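These notes concern the structure reproduced below.
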Amino acid sequence: MTIDWRYTVEDNLGILSVAGYLGPEAVRRFGGAVGWVVARGTGPVVVDLTELRSWSAEGQLAITEAARRLADAGRSLELAAIPADGSLVPSGDCPPIPVHADLAAALAAHGTKDGEDTEGRQEWRTTGWPTGDQAE
């Protein structure tokens with residue numbers, strides 16, 4: 001099993017939504033998504049894990065590696081809605097990773113409301129991510 005992702009940029013804030021299982025087989029795909037994020041945005045990045053079913057130790061390490069990669073690009077990483085079956089324990093050399101209860105709380109921390117019609121919004125997704133006209 002792997003992951004699907006959607007990356008949305010609005011008001012100098014990136015939101016990387018991840019769905020599926022972030023296990024050893026999905027780490028490379030997640031790294032590719034992070035590369036996409038680095039190349040197509042500025043400002044902080046919220047990784048929305050609302051649709052993530054679970055993650056492995058390798059998946060958690062991929063999150064901390066993403067935080068390092070974004071920090072190298074002058075950006076920060078935050079998490080929203082971490083899976084209930086695990087907590088993120090970054091290594092001592094990892095940049096701080098704020099954790100929000102859900103996406104709405106993360107957006108509120110940045111002065112943005114979920115679902116706002118934001119001018120200039122851009123979005124990219126994997127082919128497996130549902131579009132607005134598909135049933136969820």
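A few points about this structure:
- Amide H contacts of Leu52: Gly20, each under 5 Å away and 5 or more positions distant or on a separate chain (H built 1.01 Å from N in the peptide plane; Pro and chain starts excluded).
- Per-atom-type breakdown for the stretch 7-79 gives carbon and sulfur 51% of the accessible area (1.4 Å probe, protein chains only).
- Amide H within-cut-off set for Val99, under 5 Å, with H built and near neighbours excluded: Leu79
- Taking every DSSP beta bridge that has both ends in the chain, the antiparallel portion is near 50%.
- Expected 222 nm ellipticity per residue - DSSP helices of 4 or more, -39500 (n - 2.57), all of the chain, to 500: -8000 deg cm²/dmol
- Per residue, the accessible area of the chain comes to 52 Å², computed with a 1.4 Å probe over protein heavy atoms only.
- Column: log10 I(q)/I(0), Debye, Cα scatterers of the stretch 1-115, q = 0.21, 0.22, 0.23 Å⁻¹: -1.20, -1.33, -1.47
The values are calculated or read from the model by the stated rules, or taken from the named source; none is laboratory data. Bear in mind the structure is a predicted one, so any value in this text is a computation, not a measurement. Each accessible area value is taken on the protein alone, full model and side chains, heavy atoms only, with ligands, DNA and RNA left out. Shrake-Rupley method; radii C 1.70, N 1.55, O 1.52, S 1.80 Å.
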